[in-house]
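The values are calculated or read from the model by the stated rules, or taken from the named source; none is laboratory data. Model, not experiment: these values are computed from the prediction. Cβ placement follows ideal geometry from the backbone for every residue including glycine, while neighbour counts extend to all protein chains displayed. Each accessible area value is taken on the protein alone, full model and side chains, heavy atoms only, with ligands, DNA and RNA left out. Shrake-Rupley method; radii C 1.70, N 1.55, O 1.52, S 1.80 Å.
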Amino acid sequence: LVLKRFAFEAFDAYVVLFYLAFYERNIHLLRLELVGAMSADTFRRMLTESAIPFALQKLSATKNNSSTKKDDDKGAEQNCSAEVDMDEYELFDDYIEMLINFGYITLFASAFPLASFITTFANVVEYRSDCWKLSRVFRRPSVVKNNSIGMWKHLLHMIVSLSALTNCLIFAFTSSQLQQFIPDNYVKDQFGRPALRTGAAEETMLLMLGLEHSLIVLAALVKSIVPKVPQHVRNGISKRDYLHQALLAKGRLRTMEAAATAQYNLEKKQKLSVKRV
């Protein structure tokens, strides 16, 4: 379900960007579309997830209060009922939004490097909007412990791997970035866009693929070198487990001492009773 939903949402979000990047090969329109898509998504999420549901909720609450305003003793029950009537929080939608936003940054990074800074500001706004949404609009979600985000982690890895190819393609064929290093391989077409000179396509393609494979190998090396759990975190976990076991052993020792003391007192009373008899 996650994979199918993400495929649909990704196609809807990226199809125009891929068209501008690899068919039209217009870097300026691609940048404008990226800025527009990220800005529009931020404000759309604020409206559809927070503002509009809150307004509809207040309108419904006003109607209910006007119809039951004479029953003052039921105020607490009405508050509980209002919380129960709130919509259930869907974590799935927030994961999809963050994943799409991550794709904007990574898949087209060479076309618009400032996308990460814009997304940082947008995520700050989104963070405050989500906090307000969870406290005012949606029912409080139940806490479920989990050691991983599941399929979402694999989708993030897939986007990162695909971004190496898309950014190298933009670097070589859409923008004029590679042309600055090997200008003899490029000419201008009738629309003023950089185009490969006849006979230079194979050399440029090999250079682009070599760069793309180098990025993938570098990412694999970084992933293998950097530990998933930092050393100080592992030390903290070991210390916590040691203290936990020490407290358990101390508790068991106290229990055994208390049981031995009780047994000793019981035997002493029995001996005293035998002597009296």
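Picking from Leu266, Leu196, Leu221, Leu253, which residue would you name as being out of contact with any Leu (no Cβ under 7 Å at 6 or more places or on another chain) and surrounded by 11 or more Cβ atoms within 10 Å (Cβ to Cβ)?
Values: Leu266 fails: surrounded by 11 or more Cβ atoms within 10 Å (Cβ to Cβ); Leu221 fails: surrounded by 11 or more Cβ atoms within 10 Å (Cβ to Cβ); Leu253 fails: surrounded by 11 or more Cβ atoms within 10 Å (Cβ to Cβ).
On inspection, the qualifying residue turns out to be Leu196.
For region 103-131, give me the residue count where each residue is open to solvent by less than 50 Å² (accessible area, probe 1.4 Å) and among the charged types (D, E, K, R).
The total comes to 2.
Can Ala172 be described as among the small types (Gly, Ala, Ser) and modelled with pLDDT of 75 or more? Give the derivation first.
Numbers: among the small types (Gly, Ala, Ser): yes; modelled with pLDDT of 75 or more: yes.
In short, yes.
Residue under question is Ala259, and the condition is that it be within 28 Å of Asn147 (Cα to Cα), in a helix (DSSP H, G or I) and either at pLDDT below 80 or more than 33 Å from the chain's Cα centre (by Cα) (or both); does it hold?
Numbers: within 28 Å of Asn147 (Cα to Cα): no; in a helix (DSSP H, G or I): yes; either at pLDDT below 80 or more than 33 Å from the chain's Cα centre (by Cα) (or both): yes.
It is false that Ala259 is within 28 Å of Asn147 (Cα to Cα), in a helix (DSSP H, G or I) and either at pLDDT below 80 or more than 33 Å from the chain's Cα centre (by Cα) (or both).
Assuming Ser116 fulfils every condition listed in (1) touching a residue at least 24 places away in the same chain (Cβ under 8 Å); (2) closer than 28 Å to Lys4 by Cα apart from one, which condition is it?
Just one mismatch for Ser116, condition (1).
Quick check on Val137: is it within 17 Å of the chain's Cα centre (by Cα) and either hydroxyl-bearing (Ser, Thr, Tyr) or over 30 Å from Val217 (Cβ atoms) (or both)?
Details: within 17 Å of the chain's Cα centre (by Cα): no; either hydroxyl-bearing (Ser, Thr, Tyr) or over 30 Å from Val217 (Cβ atoms) (or both): yes.
Answer is no for this residue.
Of all the residues that make up region 1-51, how many are among the acidic types (Asp, Glu) and either open to solvent by 80 Å² or more (accessible area, probe 1.4 Å) or more than 19 Å from the chain's Cα centre (by Cα) (or both)?
Pass one, region 1-51, residues among the acidic types (Asp, Glu): 9, 12, 24, 33, 41, 49.
So of that shortlist, the ones also either open to solvent by 80 Å² or more (accessible area, probe 1.4 Å) or more than 19 Å from the chain's Cα centre (by Cα) (or both) come out as 12, 24, 33.
Matching residues across region 1-51 total 3.
Being in contact (Cβ under 8 Å) with a residue 12 or more places away in the chain, assigned to a helix (DSSP H, G or I) and either more than 14 Å from Ala37 (Cα to Cα) or open to solvent by 50 Å² or more (accessible area, probe 1.4 Å) (or both) is the filter here; which residues of region 85-98 pass it?
Within region 85-98, Leu91, Phe92, Asp93, Asp94, Tyr95, Ile96 meet the criteria.
Among the residues of region 118-157, how many are within 30 Å of Arg31 (Cα to Cα) and basic (Lys, Arg)?
Looking only at that region, the number is 2.
I'd like to check something: does region 232-245 contain any residue that is of a type in the set (Ser, Thr, Tyr), within 30 Å of Met158 (Cβ to Cβ) and modelled with pLDDT of 80 or more?
Quick first cut of region 232-245, residues of a type in the set (Ser, Thr, Tyr) only: 238, 242.
Narrowing the set further to residues that are within 30 Å of Met158 (Cβ to Cβ) leaves none.
Checked region 232-245: no residue is of a type in the set (Ser, Thr, Tyr), within 30 Å of Met158 (Cβ to Cβ) and modelled with pLDDT of 80 or more.
So how many residues does region 142-156 have that are surrounded by 11 or more Cβ atoms within 10 Å (Cβ to Cβ) and not hydrophobic (A, V, I, L, M, F, W, C)? Steps first, please.
If we filter region 142-156 for residues that are surrounded by 11 or more Cβ atoms within 10 Å (Cβ to Cβ), which is where we start, we get 149-152, 154-156.
Filter once more, keeping what is not hydrophobic (A, V, I, L, M, F, W, C): 150, 154.
Total meeting the criteria: 2.
I'm told Asn147 meets every condition in (1) closer than 30 Å to His213 by Cα; (2) outside any helix (DSSP H, G or I) except one. Can you identify the failing condition by its number?
Among (1) closer than 30 Å to His213 by Cα; (2) outside any helix (DSSP H, G or I), Asn147 violates only (1).
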